[in-house]
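*Asks:* There's a structure below that I have some questions on.
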């Protein structure tokens, strides 16, 4: 069975105009699966591919739009903290050298303003928030690029042949590609939300997105199978000695 091309021409069939991915969509919520007639499997798969691709583009656009105001606010607070620190260090020196009289109290106020800017940025998670948004959007875009090449590979396989298996197996293989991609995007969103919850509770930086974007090496499985390591500074337990058997 012939499969749709990787980049179908014409406007998308989901009711959105051109450039919709560049605008901020609504909240990230579940979408209804488009209904259609499976009497034409190729057209149906093409519609599902458009639906999945549009969802990924909207997700990436949501994160890119969400990071705009966070980045602006974070930069403003960082600039305020830097200016406050410089003024807090310079004004007491000017007062000490009698260049500007009575400037020391204003220096202390500037230091307090710098600390307040850093605290606000840290409390609301502005800097870490927009960095997390960019990381998630890039991860979604990278996964979408992999889907596009996988879909093109499936299309070329059906067009050039020889066709592997029956038409139902080919359709099931294409549906598996779309399902895996949808699950991957959902997992990226879930990981970003979990990082936000952890940061909100403990104030630590996001770690899950880094693990979701780039998978590190597998840990050594044999490390935990031997004798457990003794913590440094801890006394090694003494096992009771057994008397050797007496000779008969």
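*Asks:* Of the residues 119, 137, which single one is part of a helix (DSSP H, G or I) and under 30 Å from residue 180 (Cα atoms)?
*Replies:* On the way: 119 fails: under 30 Å from residue 180 (Cα atoms).
After ruling out the rest, the residue left standing is 137.
*Asks:* For the range 94-107, name all the residues that are out of contact with any helix residue (DSSP H, G or I) (no Cβ under 7 Å at 6 or more places or on another chain) and either surrounded by 14 or more Cβ atoms within 10 Å (Cβ to Cβ) or in contact (Cβ under 8 Å) with a residue 12 or more places away in the chain (or both).
*Replies:* 94
*Asks:* Among 170, 146, which is modelled with pLDDT of 90 or more and either part of a helix (DSSP H, G or I) or within 30 Å of residue 78 (Cα to Cα) (or both)?
*Replies:* Going through 170, 146 in turn, the sole match is 146.
The values are calculated or read from the model by the stated rules, or taken from the named source; none is laboratory data. Here the structure is a predicted model, which is why all the values come from computation and not from measurement. We place every Cβ from the backbone using ideal geometry, glycine too, and count neighbours over all the protein chains shown.
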